[in-house]
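Participant: Dropping the structure in here first, questions after.
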Amino acid sequence: MLTKKEVEKIAELARLGLAEKEKEKFAEDLSSVIGYIQKLSEVNVEKVEPMTGGTDLESITRQDDETKSIFDSQTRKQILNAAPDREDDYFKVPSILE
Amino acid sequence: MNLNKLTIKEAHKLLEGREITSVELVKAHFDEIKKRDKDIHAFLFLNEEEALEAAKKVDERISKGEPIEMLAGIPAAIKDIILIGGTKVTAASKILENYIAPYDATVIKKLKEEEAIFIGKTNMDEFAMGSSTENSAFGPTRNPVDLERVPGGSSGGSAAAVKAGFCVYALGSDTGGSIRQPAGFCGVVGFKPTYGAVSRHGLIAMASSLDQIGPIARNVDDAAAVFEAIRGKDELDSTSVNMDWQDHWNSPLDIEEIKIGVPREYFIHGLNPEIEKNIKSVISKLEKEGAKIEEISLPYSEWALATYYIIMPAEVSANLARFDGIKYGYSRMETPFPLGNGVSKLIDVYLKTRGEGFGAEVRRRIMLGTYILSAGYYDAYYTRAQKVRQLIKQDFDRAFKEVDVIITPTSPTTAFKFGEKTQDPLSMYLADIYTVSVNLAGVPGISIPVANEQGLPVGLQLIGKNFDDVRLLRIAKIIETIIK
């Protein structure tokens, strides 16, 4: 069973705000799922290669071409306009240096 | 003539023969939506003006005697996790409530080339996380077959819209069963193509190694027509695959040539005995018609759901890190920035934005993924799950050396009632026990309605070999014909 403190730690790592009264319910829910996934310890995985994606494809690369843009200027503008705050073509965030 | 029950092929013929216009067809669907969607809530929002305008264009082409594409002028509903440029896309989440998609998903681009008509965006579980649409931030969808019951999920709005006659077909997305399970619950056809067959560009990502877009339709023919329109390699999705789709959709395929596998692990405890009876009766019908039925074993099935609940949340926690209140969507960033300790202010933006913007199930899965990927647990959970995933895939590889397709139930139960599983997440997760292996292995799967049990639809799942989607669809069509 996860403790309230562990739930707080996970939420902090995940950058999720939790209300005080939710913490116990999350501890209970997460513990029950974590209990269930322990089931995998029954499987012998010795010498098995991990399957790391949905296909057998390996690292698809392409030529880097800075002249090629997948979006036109209109789309670019729309993307930037969706930000809560920006300056020119930059997203604006609170300063992190004093 | 009831315009709300037409298949794609029927609608296409009527349009081509000028017996109906696309505008009439589209209007008939909006009329039905206005009459009944306040009870069902399949749609989050409608695109009436644009849809009628697009329909007019198709009508003009027809009146000039131009040939039209199979999907031209036919109304489609799109799950609200797929981007249509210039239109809202919410993923049924508060965090994207007012977000306008800046571009078209590749599947939308392809459907636009066919002059398909988009009538609206359908409801779903938030970020496609759920099996009932009860996790939508904007209220659940009701099953048109029985309004007291869930339509399944996460593509519940799309399945309900097709069943209710609100559209001719719909697009959904499927990460662990999200197309097939709601199709099964609502009594329509739902098809998840092979991973890589359809581009995911413009699909809001849930778990990138599992997600795939596919059609929900009235019959297998229609699902095949939509699949044909949306599949293909796409430069903007590096996991999409270049395939020479040898269709031969119309060449004869004899039932006596088909070998069907029945996995013994899928017919054990937990399966509703009435569903088992229905599926078994379809199997014996097929055997009578000459199909070869073989019992097979997929020994690692027992660990599929546990594997899924490691791989999926791990990918979820990484994918959903992008919703931070800085670039788009719901934000608790205050402007101008208050003075004071900058770092804690920035962390505050993240915590508040994500804490208020995401619903409980989304936060649960992000935390689960964060825990699984955290130092000390990564190898024990994540790497181990990737290895078991390999074993699950090998199960299928082995089985497909013996048989052409595998038959299973789509779900262990029929559509359940609201609130039945919302208190205990694990019981909700078990609704996907027969569908998740398909996504883990990357193979294609389709659910077709085969029976009614006390008035509720029963779905049968057929699983095929990688990139053998067309043959899978053809075998599904044979089964569909036999059980009619």
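All of the numbers you see were taken from the coordinates with simple rules; none came from a lab. These numbers were taken from a predicted model, which means no experiment stands behind them. Neighbour counts run over all protein chains shown; Cβ positions are idealised from the backbone, glycine included.
Participant: How many angstrom separate the Cα center of region B:266-301 from the Cα center of region B:349-414?
Facilitator: If you average the Cα positions of each part, the centres end up 26 Å apart.
Participant: Next up: Taking the Cβ of A:Lys5 as the centre, find all other residues whose Cβ is under 15 Å away and add up their charges (Lys, Arg: +1; Asp, Glu: -1).
Facilitator: -4
Participant: If I model a spin label at A:Lys21 and B:Leu426 as a point 7 Å from the Cα along the Cα→Cβ vector, what separation in nanometres do I get?
Facilitator: 2.6
Participant: When Cβ neighbours within 10 Å are restricted to other protein chains, what is their mean count per residue of peptide B:377-388?
Facilitator: Mean partner shielding for this stretch: 4.
Participant: Once the dipole of region B:337-427 is set up with Lys and Arg at +1 and Asp and Glu at -1 on Cβ about the Cα centre, which of B:Met367, B:Val349, B:Pro409 lies farthest towards its positive end?
Facilitator: B:Val349
Participant: Among A:Leu13, A:Ile70, A:Gly54, whose Cα sits farthest toward the positive end of the charge dipole of chain A (+1 at Cβ of Lys/Arg, -1 at Cβ of Asp/Glu, about the Cα centre)?
Facilitator: A:Leu13
Participant: Okay, next question. Would you compute, from DSSP H runs of 4+ residues alone, the mean residue ellipticity of chain B at 222 nm, taking -39500 (n - 2.57) per run and dividing by the full residue count, rounded to the nearest 500?
Facilitator: -12000 deg cm²/dmol, from helical runs alone.
Participant: Please work out whether the protein assembly as shown counts as rounded, prolate or oblate from its C-alpha gyration tensor, where a ≥ b ≥ c are the square roots of the eigenvalues and a/c under 1.5 means rounded, while otherwise a/b larger than b/c means prolate and anything else oblate?
Facilitator: oblate
Participant: Could you work out the mean count of beta carbons from other protein chains within 10 Å of each residue's beta carbon in B:98-110?
Facilitator: Rounded to a whole number, the mean comes out at 2.
Participant: Give the calculated FRET efficiency between B:Arg36 and A:Lys68 to the nearest 0.05, with a Förster radius of 56 Å applied to their Cβ-Cβ distance.
Facilitator: 0.70
Participant: Can you tell me the FRET efficiency between B:Asn242 and A:Thr52 if r is taken as the Cβ-Cβ distance and R0 is 22 Å, rounded to the nearest 0.05?
Facilitator: Efficiency computed from Cβ-Cβ geometry: 0.55.
Participant: Now for a separate question. So how do B:125-133, B:206-214 stack up, highest first, on mean other-Cβ count within 10 Å?
Facilitator: B:125-133, B:206-214
Participant: On to the next question. Could you tell me whether region B:239-365 comes out rounded, prolate or oblate from its Cα gyration tensor? Rule is a ≥ b ≥ c as square roots of the eigenvalues, rounded for a/c under 1.5, then prolate if a/b exceeds b/c, otherwise oblate.
Facilitator: Since a/c reaches 1.5 and a/b is larger than b/c, the shape of region B:239-365 is classed as prolate.
Participant: With charges set only on the Cβ (+1 for Lys and Arg, -1 for Asp and Glu), what does the dipole of chain B come to about its Cα centre, in debye to the nearest 20?
Facilitator: 720
Participant: I need the shape label for chain B. Rule: rounded when a/c is under 1.5, else prolate if a/b > b/c, else oblate, with a, b, c from the alpha carbon gyration tensor.
Facilitator: Oblate is the answer for chain B, as a/c is 1.5 or above yet b/c matches or exceeds a/b.
Participant: Sort the following peptides by mean Cβ neighbour count (other Cβ atoms within 10 Å, averaged over residues), highest first: B:179-186, B:98-105, B:415-422, B:292-299.
Facilitator: Descending mean neighbour count gives B:179-186, B:98-105, B:415-422, B:292-299.
Participant: What is the calculated FRET efficiency for B:Ser251 to B:Ser284, with r their C-beta to C-beta distance and R₀ = 30 Å, to the nearest 0.05?
Facilitator: So, using R0 = 30 Å, E works out to roughly 0.60.
Participant: Just order B:152-160, B:194-202, B:398-406 by mean Cβ neighbour count inside 10 Å, highest at the front, would you?
Facilitator: Sorting B:152-160, B:194-202, B:398-406 by mean packing, highest first, produces B:152-160, B:194-202, B:398-406.
Participant: Please work out the Cα center distance from region A:69-96 to region B:11-31, rounded to the nearest Å.
Facilitator: Centre-to-centre distance over Cα atoms comes out at 42 Å.
Participant: In addition: Can you name the helices of chain B, as whole DSSP H runs, whose Cα span along the helix axis is 18 Å or more and whose Kyte-Doolittle mean is not below -0.5?
Facilitator: Span-like helices, by this rule, are B:304-319, B:342-357, B:360-373, B:469-483.
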